[in-house]
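As structure tokens, the structure follows; a few thoughts come after it.
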Amino acid sequence: MERILYDDLETAIKSRKAKISVLGQGYIGLPTALLMARAGFTVYGFDIDRDLIDSLSRNETKLKDESGIPQLLSDLKERNYFPTSEQEDLYGSDVILIAVPTPKGRNGPNLSMVISALETALRSIRRGGLIIIESTLPPRSFYDYILPTVESKGLRVGEDLFLAYCPERALPGKLLYELVHNFRIIGAVDDKSGELAKVLYESFVEGEIEIVDPLTAEMVKLVENSYRDINIAFANEVARMCEVLGVDVRKVRQLANKHPRVNMLIPGIGVGGSCLTKDPWFLYWASKDRGYVPHLIRDARKLNDEMPYHYAEILDEVIRQLKGGRSGVMAVLGSTYKGDVPDLRETPVEPFVKELIKRGHVVRVYDPLARSPLGGEYVADMLDAVKGADVIAFTADHSDFKMVDLKKLRRAVKKDDPVILFDGRFLFDPKEAEEAGFIYLSPGRSYDSLSEALVSMRSVPHLRYMV
Ligand code: SAJ
């Protein structure tokens, strides 16, 4: 019996006859569903959010800037990709893939959405079908929560159904490309589940695929993101040291990176996005609960979280120095968590803006990709946003910003007083910014020299900043 179920499903997958449902049509669920539809499967893209399903039905997606996704949606919808909010559409699925969020709670991960999706999957999957979890799982949750949920329904993995954990690791901004080309990990407790999941991924993944146990798969995903978070934190720590020691981090990084085994990342106003801000905590909590406190992971996370507050404080001081103690006007250019994505999830620009407002400043926000005020005032035109500003802060590394004509930007400020350009993501050459008439400031530069510059400037008013 067992053998028949397995062969039958493998054949259904290889022949593309398998009916697949994907629970969660967000950042990962939608592109993955579309890739499987492109591979020839009939795919139901399920989400409990009816508005999301309605917009997908109109060919609208928040992933419109992700290369290839809007095209696949309009090509495949109602052909073999069917967005739906109806649970009945899931019944009898051969394969169900779960791609719902795993948010961070106050003191631990929140698995409620994953468990609820798993229960939906268990009600809908056909006997001998395959369930794949792509949602991030904290270490040991496959053994401690996923398997017990399945077994509580009287079902046996590897006999009544097949089950695998396959964490996604694609980079926002390059989602489709990375979902196809990245190396994939499959975590499974039994050989058949692992092999079936592999056959499925081989239908649309060109990267290497390796099968391991679920705990290893859980660890790998979280270790990758913690590694990146710690490396960015190191760059941020070097920047903070450079600020107090009076060295320019840009030069330090450039020269250190000439060493064959050094690759220092880029410091900046903070680390955002849904993954780096929570995955290290998942690892931290899991390990701490079992007796080892991973200090490095915790301290890196805290340091990265501090960055937007640190630069808000610095700019507050700078503005007040500039204006004899009074507050000022800030233009914050770039609100997304990183460049060239419209994604505002956990953006460090939000605490930055809120802290500046709390400190009494007027904050105007402009972003070509995301129209959100983040607590300030959204201005739809960059040149309007900078009018009368004391500080212009570039806070996202959008390609469009790198092309900005700084002289034109300086003229748009329309005032003779000194104007600070805070380059929070290292977009500009300091010399060019100064030649355009700005006082250039960026993370990892001494603020003492800035204070001196401000003092000498005030004694020769408007000398260099006339426009
Ligand atoms: N950042 C810096 N300095 C840098 C690089 C990035 O400050 O040198 C900042 C960015 O501005 C951003 C944050 O870090 O605010 C994160 O950006 P990112 O591009 O490093 O990563 P994400 O969050 O977009 O995607 C990460 C990726 N993980 C790794 O590279 C190990 C991606 O592969 C994962 O799929 C994704 O998390 C996820 O979903 O887990």
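The values are calculated or read from the model by the stated rules, or taken from the named source; none is laboratory data. Computed from a predicted structure; not experimentally measured. Note that each Cβ is placed from the backbone with ideal geometry, even for glycine, and that neighbours are counted across all protein chains shown.
List of remarks:
- Criterion (at pLDDT 95 or above and crowded, with 19+ Cβ neighbours inside 10 Å) met by exactly one of E224, E218, E237: E218
- Among the residues of the range 401-433, the one identified as surrounded by 21 or more Cβ atoms within 10 Å (Cβ to Cβ), within 16 Å of the ligand (Cβ to nearest atom) and part of a helix (DSSP H, G or I) is F401.
- Residues of the range 38-60 that turn out to be among the small types (G, A, S) and under 15 Å from I13 (Cβ atoms), as a count: 2
- A Cβ distance below 6 Å, combined with a sequence gap of six or more or placement on separate chains, defines the contacts here; from the range 420-440, residues that are small (G, A, S) reach residues that are surrounded by fewer than 23 Cβ atoms within 10 Å (Cβ to Cβ) in the pairs A433/L406; A433/Y440; A436/L406; A436/K407; A436/R410; G437/R410; G437/Y465; G437/V467.
- Some residue of the range 327-350 being within 13 Å of the ligand (Cβ to nearest atom), at pLDDT 95 or above and in a helix (DSSP H, G or I): yes
- The residues listed here are A385, A436; of these, the one that is surrounded by 17 or more Cβ atoms within 10 Å (Cβ to Cβ), among the aliphatic types (A, V, I, L, M) and in contact with a Leu (Cβ under 6 Å, 6 or more places away or on another chain) is A436.
- Which listed residue, of L30, L56, is under 26 Å from E202 (Cβ atoms), modelled with pLDDT of 95 or more and in a helix (DSSP H, G or I): L30
- Residue in the range 265-283 that is more than 16 Å from the ligand (Cβ to nearest atom) and among the β-branched types (V, I, T) present: no
- Just one of (1) closer than 14 Å to G207 by Cα; (2) within 12 Å of the ligand (Cβ to nearest atom); (3) at pLDDT 95 or above fails for R169. It is (3).
- With respect to the stated conditions, I297 fails to be within 13 Å of the ligand (Cβ to nearest atom), β-branched (V, I, T) and surrounded by 16 or more Cβ atoms within 10 Å (Cβ to Cβ).
- Only listed residue being under 21 Å from the mean Cα position of the chain (by Cα) and either surrounded by fewer than 20 Cβ atoms within 10 Å (Cβ to Cβ) or part of a helix (DSSP H, G or I) (or both), chosen from R123, R106, R79: R106
- Only residues that are part of a loop (DSSP other than H, G, I, E, B) and in contact with a Ser or Thr (Cβ under 9 Å, 6 or more places away or on another chain) were counted in the range 351-370, giving 6.
- The listed residue being over 23 Å from I133 (Cβ atoms), within 25 Å of the chain's Cα centre (by Cα) and surrounded by fewer than 23 Cβ atoms within 10 Å (Cβ to Cβ), out of S57, S15, S67, S116: S67
- Scanning the range 381-396 for residues being farther than 21 Å from V341 by Cα and within 16 Å of the ligand (Cβ to nearest atom) gives a total of 0.
- Residue in the range 174-183 that is more than 13 Å from the ligand (Cβ to nearest atom), among the aliphatic types (A, V, I, L, M) and more than 27 Å from T42 (Cβ to Cβ) present: no
- When each of D144, D94 is tested for being free of Cβ contacts under 8 Å to residues at least 24 places away in the same chain and among the acidic types (D, E), the lone residue that passes is D144.
- Once the range 33-53 is narrowed to residues that are assigned to a helix (DSSP H, G or I) and in contact with a strand residue (DSSP E or B) (Cβ under 7 Å, 6 or more places away or on another chain), the residue that is farthest from Y201 (Cα to Cα) is I53.
- Figure legend. Inter-residue proximity from the range 147-172: first residues closer than 30 Å to L276 by Cβ and in contact (Cβ under 8 Å) with a residue 40 or more places away in the chain, second residues in a loop (DSSP other than H, G, I, E, B) and of a type in the set (K, R), beta-carbon distance below 8 Å, spacing 6+ or different chains. Indicated pairs: P172/K338.
- For the range 221-240, the set of residues classified as of a type outside the set (S, T, Y), within 7 Å of the ligand (Cβ to nearest atom) and free of Cβ contacts under 8 Å to residues at least 40 places away in the same chain consists of A235 only.
- Filter result for R320 (away from the ligand (no atom under 16 Å from the Cβ), over 30 Å from T61 (Cα atoms) and not in a helix (DSSP H, G or I)): no
- When G129 is tested against the conditions (1) touching a Ser or Thr at 6+ places or on another chain (Cβ under 9 Å); (2) within 12 Å of the ligand (Cβ to nearest atom); (3) not in a helix (DSSP H, G or I), the lone failure is (2).
- When residues of the range 323-381 are limited to those that are among the acidic types (D, E) and farther than 21 Å from L409 by Cα, the one farthest from the chain's Cα centre (by Cα): E355
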